[in-house]
Number of protein chains: 2
Amino acid sequence: MTNEEMLASVAVSSWKLVIGRLESGIAELGDEQLQKHVAPGKNRLQYLVGHLAAVHDRMFPMLGLGDRLYPQLDEPYLTNPDGTLPDPMTGTELKRALIEVNTKLTAAFEKLTPQEWLQKHGSVSDEDFAKDPSRNRLAVLLSRTNHTSFHMGQAVLAK
Amino acid sequence: MTNEEMLASVAVSSWKLVIGRLESGIAELGDEQLQKHVAPGKNRLQYLVGHLAAVHDRMFPMLGLGDRLYPQLDEPYLTNPDGTLPDPMTGTELKRALIEVNTKLTAAFEKLTPQEWLQKHGSVSDEDFAKDPSRNRLAVLLSRTNHTSFHMGQAVLAK
């Protein structure tokens, strides 16, 4: 493995580690437990599952890895705060959707070369990327990995 | 900048982004506000500040970047849960310690070459590193960045 490959591989491993912990953490939660709030007046666990599914699903077009699987999750779990719209699916179905999105993303990540990780992401123009080449796919991966950790810190409080 | 340098630089930028948000988030908090708990029966904000200071301080020897600045924070904020031992300093002093540790770490991170990021960290033996070269400094950086995000997700609930 070259240095470039190892550097990119460590970032993908960090994503896989965090996603693995997330999926283990929610594995045992049924529909009823997913209705728990992380703290009084704060988001339900189900909202966090839907939120992570929506945010991760948006990575497909953003990273040029294909079409979204669940665009219908944006309205209830991203655009609007918890409690605004009804859940479009059960907690168990939502967990399954999150795992499906994560699994397909991870498979796509494992095929990217270091050079491809350094290409621009889909939310930056050619001009802006020329000025700031750090706005690349790898920066999005690290940002989304940390976003998952942020909400996992909240989810563990509901235990 | 070479590809290797850019890959390592994106990881350091992710650390700086997360640490920057952490420091902005706690900037306005006084001693009294730092006594708030993130949720009923959960850690105080001051415990999280001390915990992050201790964990980050341990990165100096672990990454071969020098001696620790605040080893006395391990007992109250790492080895023992919140509420076990008295705070050894005020919240304001603890915030200052955390910022000092972060600032010195970041300065050291910015000097490491991609090759140095791929060297083994201090908690792995030569034999184990030969078997698994992903146990390198970069893996520690990404892990600690996510650890910070995890606790920041909790800290924002205290608002």
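Using θ = phi - 60° and the Karplus curve 6.51 cos²θ - 1.76 cosθ + 1.60, what whole-Hz ³J(HN,Hα) does each residue of the stretch B:132-147 get, with Gly and Pro shown as x?
Working through the residues one at a time gives 9, x, 7, 8, 10, 4, 4, 4, 5, 4, 5, 5, 5, 5, 5, 4 Hz.
Taking the solvent-accessible surface of protein heavy atoms with a 1.4 Å probe, what is the per residue accessible area of chain B in Å²?
46
Can you divide the C-alpha Rg of the stretch A:22-79 by 2.2 N^0.38 Å and report the result to two decimal places?
Details: Rg = 12.9 Å, N = 58, 2.2 N^0.38 = 10.3 Å.
Taking the Cα Rg and dividing by 2.2 N^0.38 Å, one obtains 1.25.
Using θ = phi - 60° and the Karplus form 6.51 cos²θ - 1.76 cosθ + 1.60, what ³J(HN,Hα) does each residue of the stretch A:3-12 get, whole Hz, x for Gly and Pro?
So the Karplus estimates, Gly and Pro as x, are 4, 4, 5, 5, 4, 5, 5, 5, 5, 5 Hz.
What distance in nm lies between label points placed 7 Å from Cα along the C-beta direction at B:Lys104 and A:Arg135?
3.7
Put the label 7 Å from Cα along Cα→Cβ for B:Thr106; what are its distances to the other copies, in nanometres, shortest first?
Between copies, matching label points for B:Thr106 lie 3.2 nm apart.
What does the charge add up to near A:Leu78, with Lys and Arg as +1, Asp and Glu as -1, over the other residues with Cβ less than 15 Å from its Cβ?
-1
From the C-alpha coordinates alone, can you work out the Kirkwood hydrodynamic radius of the stretch A:49-97, in Å?
Working: mean 1/r = 0.0906 Å⁻¹.
Hydrodynamic radius (Kirkwood, Cα pairs) of the stretch A:49-97 is 11.0 Å.
Using Cα atoms only, what is the angle between the long axis of helix A:91-109 and the major principal axis of chain A, expressed in degrees (0 to 90) to the nearest 10?
10
Counting each DSSP H run of 4 or more residues in chain B as -39500 (n - 2.57), what helix-only mean residue ellipticity at 222 nm follows after dividing by all residues, to the nearest 500 deg cm²/dmol?
Calculated from helices alone, the mean residue ellipticity at 222 nm is -18000 deg cm²/dmol.
Let me know the mean shielding of B:5-16 by other chains, meaning the per-residue number of their Cβ atoms within 10 Å of its Cβ.
That works out to 6 on average.
Considering every residue in B:137-148, what mean count of other chain Cβ atoms within 10 Å of its Cβ is obtained?
The shielding value for this peptide is 5.
Rounded to the nearest 20 debye, what is the charge dipole size of chain A about its Cα centre when +1 sits on each Lys and Arg Cβ and -1 on each Asp and Glu Cβ? Could you put the intermediate results ahead of the total?
Details: 17 positive and 20 negative charges, 75 e Å.
Taking the Cα centre of chain A as origin, the dipole is about 360 debye.
For chain A, what relative contact order do you get, as a whole percent, if you take Cα pairs closer than 8 Å and at least 6 residues apart?
32
What percent do you get for the relative contact order of the stretch A:114-159 when only Cα pairs under 8 Å and 6+ apart count? Walk me through the numbers before you get to the answer.
Numbers: 24 pairs, mean separation 15.3, N = 46.
Computed over the stretch A:114-159, the figure is 33 percent.
Kirkwood-based Rg over Rh for chain A (C-alpha set), two decimals? Walk me through the intermediate numbers first.
Details: Rg = 16.4 Å, Rh = 16.5 Å.
The Rg/Rh ratio comes out at 1.00.
How many percent of all Cα-Cα pairs in the protein assembly as shown sit more than 30 Å apart?
Within the protein assembly as shown, distances greater than 30 Å cover 38 percent of Cα pairs.
Which ³J(HN,Hα) values, rounded to whole Hz and listed in residue order, are derived for the stretch B:61-66 from phi using the Karplus coefficients 6.51, -1.76 and 1.60 in 6.51 cos²θ - 1.76 cosθ + 1.60 with θ = phi - 60°, glycine and proline given as x?
Working through the residues one at a time gives x, 4, 9, x, 10, x Hz.
In whole percent, how big is the carbon plus sulfur part of the accessible area of the stretch B:1-111, probe 1.4 Å, protein atoms only? Each step should come with its number before you reach the end.
Values: 2830 of 5290 Å².
Here carbon and sulfur together make up 54 percent of the probe-accessible area.
Roughly how big is the protein assembly as shown's charge dipole about its Cα centre, with Cβ charges of +1 (Lys, Arg) and -1 (Asp, Glu), in debye to the nearest 20?
Computed charge dipole of the protein assembly as shown: roughly 280 debye.
Would you list which lysines come within 16 Å of A:Lys111, measuring only between C-alpha atoms, while excluding same-chain residues fewer than 8 positions from it?
A:Lys16
When a/c is below 1.5 the answer is rounded, else prolate if a/b is larger than b/c, else oblate, so apply that to the stretch A:82-159 with a ≥ b ≥ c taken from the square roots of the Cα gyration tensor eigenvalues. Each step should come with its number before you reach the end.
Values: a/c = 2.22, a/b = 1.94, b/c = 1.14.
Since a/c reaches 1.5 and a/b is larger than b/c, the shape of the stretch A:82-159 is classed as prolate.
So what's the gap between the Cα centers of the stretch B:112-159 and the stretch A:6-78, to the nearest angstrom?
Measuring centre to centre over Cα atoms gives 22 Å.
When Cβ neighbours within 10 Å are restricted to other protein chains, what is their mean count per residue of peptide B:37-49?
2
Local charge sum around A:Arg68 (other residues, Cβ-Cβ under 15 Å, Lys/Arg +1, Asp/Glu -1)?
Taking every other residue near A:Arg68 into account, the sum is -2.
The values are calculated or read from the model by the stated rules, or taken from the named source; none is laboratory data. None of these values were measured; they are calculated from a predicted model. Cβ sites come from the backbone with ideal geometry, for glycine too, and all protein chains shown count toward neighbours. Each accessible area value is taken on the protein alone, full model and side chains, heavy atoms only, with ligands, DNA and RNA left out. Shrake-Rupley method; radii C 1.70, N 1.55, O 1.52, S 1.80 Å.
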